[in-house]
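**Student:** Next up is a structure, given as structure tokens.
The values are calculated or read from the model by the stated rules, or taken from the named source; none is laboratory data. Keep in mind the model is a prediction, meaning the values are calculated, not measured. A quick note on method: Cβ atoms are made from the backbone with ideal geometry, for glycine too, and the neighbour counts reach across all protein chains shown. Keep in mind that these areas ignore ligands, DNA and RNA; they rest on the heavy atoms of the full protein, side chains included. Shrake-Rupley method; radii C 1.70, N 1.55, O 1.52, S 1.80 Å.
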Amino acid sequence: RQLDGKLSIFGATAKGALNGVYDFIEDNMGVLWIGADEYLGLVYDEQPTVTVKKTDYREKSPFSLRGYSLWGGSDEILITEATYSRNKLNASLFPSERNPEWCPDYYNRQAALGITGVMLGHDVQEWILASPIYDPNCTEYWNEIEDGVPCPMDATMPYKQINYWSQLTIDTMAASVIAYLDKNDVKDVSISVEDNDDCRNYPECTLPFEYAPGKFVNPNEGDYISTVFYTFLNKVAAQIKEKHPDITINTLAYWPVEAMPRCEIDDCIRLIFAPITKDESSSLTDPTNDNNVLHFNYLERWKTMTKEILFYDYYFCSVGMGDYERPIWYDMQKDMIYYAENGFLGTIPQGICDSVNQTIEWGGHSGVVRTRHDGWIMNGLSIWIYHKLCWNPYEDVNALIVEFCDKVYGAASDEMQEYYALIYKGWTEGESENYLWNFKIALSFYLDTFVYVVDLEDDIKETLAKAYDAADSNSAKERIGYIKSCFDLNFPEE
């Protein structure tokens, strides 16, 4: 608010006031925060005097939680989270590993940045092993390879599920979480399935499961394991709430438990919907994409039960992200408009830390090791557009592309707009297999499918060469030079 020559910036919460400050700086000083490195990541218009152009307004995102899931434990993640906070994001993963590096101080360090930690991980096995009543000689906690043969407790099966049919497992899990909450001042915990879909305990997994008195689900039905798991989680939650009634339990609606169960879920449970096999070449809402329709139908059923859903998309999780930017802008917007219009909590997709010291996992980068910072340079536009859509999913994406190019690339704006138009043309006209499973697809697939097949490699290289020559700042030349070097490397002159 501007009154009598004075400017006031305030919010209903501390983070709201902080968002107002960042908004004022961005809108009135021409500042963009596009990375953790202040040389390349801080973009601004030099001006001797700040003219206040935008005042007397109130804004609020439709999402109460908006951020990322960043795995790791280094201080570089906190630096990246500061970049998120400046873009009015407010949430980030709080890994479930319980060790001094993370707990409880990391929550406080995130909070100091305006970031809410959301605990999440594949962790049911870990909870059992950490329980004060865990018996190492008991095998009832674990799945079975076959009837009567428990999964071994060794490196051959490090992430096995647990026995969701067992009352002993329920009691052991609850005791573990309660012991953790007794020692740590945290607001939420994660109880999430492991990273596989192999849930077998005999004879239980071959029999109808009674999820409520006289109500059964059969093993051959698609919501069978979901119903078993969420019934298990409800019973664990009931024990935890006796001691810690205000706790929130985050759980992944993922792989074996993505389908809505027959049972209701406890009101303390918050879903993290993670469509691991989603095709990122189209929106989750695309009715023509058979793969995405599966996840969409799951979600349509879930929303009849709860709106307490966060979305763990895989927007910034790709083998080739150090060499190729997937132009997912418009489909990402369709996803987020759907999330907003249905009143869901928000989104924390998998992303990467802006770090020169950490490599991008999974390999496949033309034989060259790429750092996570390289991934930020290559995907800078998409990351920034995601930040904007978190605050307002109805933004004009085309206008955002122009703004980004004008401010980041300066005199090379027109050429870089043409570059982004070319890669989007390839993305929409290439020969898609209608199944682009995030990081599992090799870099060569993207380059062949969305560049080579559409015969765009020469046009892209020529456009980037013109952009590099036109750039009038060292930072713009460095950014364009990196993108140009990747295409020159991946499409060498014959």
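**Student:** What is the gain in length, in nm to one decimal, between Val21 and Asp147 on full extension, counting 0.36 nm per residue of separation less the C-alpha to C-alpha distance? Please report the intermediate quantities before stating the final value.
**Tutor:** Numbers: separation 126, 0.36 × 126 = 45.36 nm, distance 6.12 nm.
That works out to 39.2 nm of additional length.
**Student:** In Å and on Cα atoms, what radius of gyration and Dmax does segment 355-481 show?
**Tutor:** Values for segment 355-481 (Cα only, Rg and Dmax): 15.3, 41 Å.
**Student:** Around Leu252, which amide H atoms from residues at least 5 apart in sequence, or from another chain, sit under 5 Å from its own amide H, with H modelled in the peptide plane?
**Tutor:** Val193, Ile272
**Student:** Using the Cα atoms of the chain to build a convex hull, what is its mean projected area in square nanometres? Mind showing how you got there, number by number?
**Tutor:** Details: hull surface 102.4 nm².
Hull-based average projected area comes out at 25.6 nm².
**Student:** Taking all protein chains in place and a 1.4 Å probe, what share, in percent, of the accessible surface of segment 329-460 do carbon and sulfur account for?
**Tutor:** 47 percent
**Student:** Could you work out the helix-only [θ] at 222 nm for the chain, with each DSSP H run of four or more residues adding -39,500 (n - 2.57) and the total divided by the number of residues, to the nearest 500 deg cm²/dmol?
**Tutor:** Mean residue ellipticity at 222 nm (helix-derived): -12000 deg cm²/dmol.
**Student:** For labels at Asn474 and Asp185 in the simple 7 Å Cα→Cβ model, what's the distance in nm?
**Tutor:** 4.6 nm
**Student:** Label points 7 Å out from Cα along the Cβ direction at Glu242 and Tyr39: separation in nm?
**Tutor:** Calculated label separation equals 6.0 nm.
**Student:** Also: Nothing charged except the Cβ atoms of Lys and Arg (+1) and of Asp and Glu (-1): what's the magnitude of the dipole of segment 415-489 about its Cα centre? Round to the nearest 20 debye.
**Tutor:** Approximately 340 debye in magnitude.
**Student:** If you place +1 on the Cβ of every Lys and Arg and -1 on the Cβ of every Asp and Glu, how big does the dipole about the Cα centre of the chain come out, in debye to the nearest 20?
**Tutor:** On the way: 39 positive and 79 negative charges, 374 e Å.
Using Cβ point charges on Lys, Arg, Asp and Glu, the chain gives about 1800 debye.
**Student:** Per residue, how much accessible surface does the chain expose to a 1.4 Å probe? Answer in Å², no decimals.
**Tutor:** Here the residues of the chain average 42 Å² of exposed surface.
**Student:** Another question, if that's okay. Cross-link candidates for Lys407: which lysines have Cα within less than 17 Å, leaving aside residues fewer than 8 places away along the same chain?
**Tutor:** Lys388, Lys477
**Student:** Continuing with this model, one more query. With charges set only on the Cβ (+1 for Lys and Arg, -1 for Asp and Glu), what does the dipole of segment 229-274 come to about its Cα centre, in debye to the nearest 20?
**Tutor:** Numbers: 5 positive and 6 negative charges, 22 e Å.
Computed about the Cα centre, the dipole is about 100 debye.
**Student:** Moving on to the next point. For helix 75-86, what angle does its Cα long axis make with the longest principal axis of the chain, in degrees from 0 to 90 and rounded to 10?
**Tutor:** With rounding to tens, the tilt is 70 degrees.
**Student:** Any idea how far apart Asp75 and Glu395 come out in nm if each label point goes 7 Å out from Cα toward Cβ?
**Tutor:** My value for the distance between the label points is 3.0 nm.
**Student:** Here's another thing I want to ask about it. Rounded to the nearest 0.05, what FRET efficiency is calculated for Asn196 and Glu493 with R0 set to 45 Å and r the Cβ-Cβ distance?
**Tutor:** For Asn196 and Glu493, the calculated efficiency is 0.50.
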